[in-house]
Amino acid sequence: MSLLQVQNLKVYFPVNHGLLSRVRAYVKAVDGVSLEVAPGETLGLVGESGCGKTTLGRAIIRLIEPTAGTVSFEGEEITKLGGAELRRRRRKFQMIFQDPYGSLNPRMTVGEIIGEAIDIHKLAVDDDTREARVKELLQAVGLDPIHVQRYPHEFSGGQRQRIGIARALAVEPQLIVCDEPVSALDVSVQAQIINLLKDLQVQKGLAYLFIAHDLAVVEHISRRVAVMYLGRVVEISESKKVCRDPKHPYTQALISAVPVVDPDLKRQRIVLPGDVPSPINPPSGCPFHPRCPIAEARCKVELPLLREVASGHWAACHLAK
């Protein structure tokens, strides 16, 4: 059974206009996404800025309320839960945020930041147990427990992200949504954080929804990859299949932009014309057709659904094969 199951999830933000703030239109940030994450698996989620990756991740753990669709965790639908029931279930799914500077309260010590979730879910019987747990978590993410009384501004960006990881681990979750956790860090620090996440996954049996725009990072850490464009998943398969044999024209363009280390290996660069359409007024038919180099008349009027174009390889393209 899947740990996480998302069915036809939509997140629309109203655009208000006029003195009465009437809804003029909707920003279709996530427009009918379905995906699954198995226990202990890493599913990578890639796409350019503004495609809806972060909104999808936040809607899955109910930091943003979905407009439509369902999210099921361990077979239980959580989109209708609220209050104490949602808080009880939320212990099992946590989030690591992109910004290691803005995601930590500057007025709280490291011990208070990590211990807050322990207090909320009543996971420590007394103060000594709580303190021991906080120090254990700091050690698990590679930080010295002696720094428990220090404040976030006293740490580097990589150290702050380790604190964010420790905070997510505090309630012993089964799934962690990683929202571009290394994009704000130096390259050398990125590798350390990625390796830490992989080690923790093995030790604790964690599942990750790993959101990123760097395909090289996603291929390194993920078992499967889902590619998003304009609020929709356009391709999903094993990471090696997506990166080495992309089926969707948009994925092919993304792969062609990845720098190649070997100077003898030449890759044809696919330059897409125009800009990403507005999510307020997306194109009819296939949302990618205005920029697609192989689009046909059918693509302008008929929305392609995800279909299995090869064994275990799904793409939302009429022409993919």
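Here, each number is a calculation from the coordinates, and none is a lab measurement. In this text, all values refer to a predicted model and were calculated from it rather than measured experimentally. With ideal geometry, Cβ positions are generated from the backbone for all residues, glycine too; neighbour counts draw on all protein chains shown.
Placing unit charges on the Cβ atoms of the charged side chains and taking the dipole of region 140-238 about its Cα centre, the candidate lying farthest along the positive direction among 227, 142, 194 is 142. Once Kirkwood radius over Cα pairs in Å is calculated for the structure shown, the corresponding label among (i) 21.0; (ii) 19.8; (iii) 20.4 turns out to be (i).
A crude spin-label estimate for the pair residue 311 and residue 2, with each label 7 Å from Cα along the Cβ direction, gives 2.2 nm.
So if each residue of separation counts as 0.36 nm, and I subtract the Cα-Cα distance between residue 191 and residue 151, what length gain in nm does that give?
11.9 nm
The label-point distance for residue 213 and residue 105, in a model that sets each label 7 Å from Cα toward Cβ, rounds to 3.1 nm.
Peptides 213-223, 54-64, 269-279 ranked from most to least packed give 54-64, 213-223, 269-279, packing being the mean of other C-beta atoms within 10 angstrom over each peptide's residues. The residue 294 and residue 27 beta-carbon pair, evaluated with R₀ = 22 Å, returns a calculated FRET efficiency of approximately 0.20. Placing pseudo-labels 7 Å out from each Cα toward the beta carbon at residue 65 and residue 77 gives an inter-label distance of 1.7 nm.
One chain, two ends: residue 240 and residue 122. Fully extended at 0.36 nm per residue, the span grows by 38.3 nm beyond their Cα-Cα distance. Here region 90-153 is described by how far its Cα atoms reach on the three principal axes: 32, 29, 22 Å, from widest to narrowest.
Selection among 78, 23, 34 by position relative to the dipole of the chain gives 23 as farthest towards the positive end (Cβ unit charges, Cα centre).
Every helix of 4 or more DSSP H residues in the chain counts as -39500 (n - 2.57), and over all residues that averages to -8500 deg cm²/dmol at 222 nm.
Counting neighbouring beta carbons within 10 Å and listing from fewest to most, the residues 20, 104 come out as 20, 104. Taking the Cα centre of region 8-136 as reference, the dipole from Cβ charges on Lys and Arg (+1) and Asp and Glu (-1) amounts to some 600 debye. In a simple Cβ point-charge model (Lys, Arg +1; Asp, Glu -1; nothing else charged), the chain has a dipole of about 880 debye relative to its Cα centre. Expressed per residue, the C-alpha convex hull volume of region 177-321 stands at 141 Å³. Please report the spacing between the Cα centers of region 76-132 and region 156-233 in Å, no decimals. Cα centroid to Cα centroid, the span is 18 Å.
Expressed in nm to one decimal, what extension gain is obtained for the pair residue 203 and residue 281 from 0.36 nm per residue of sequence separation less their Cα-Cα distance?
Value of the extension gain: 23.5 nm.
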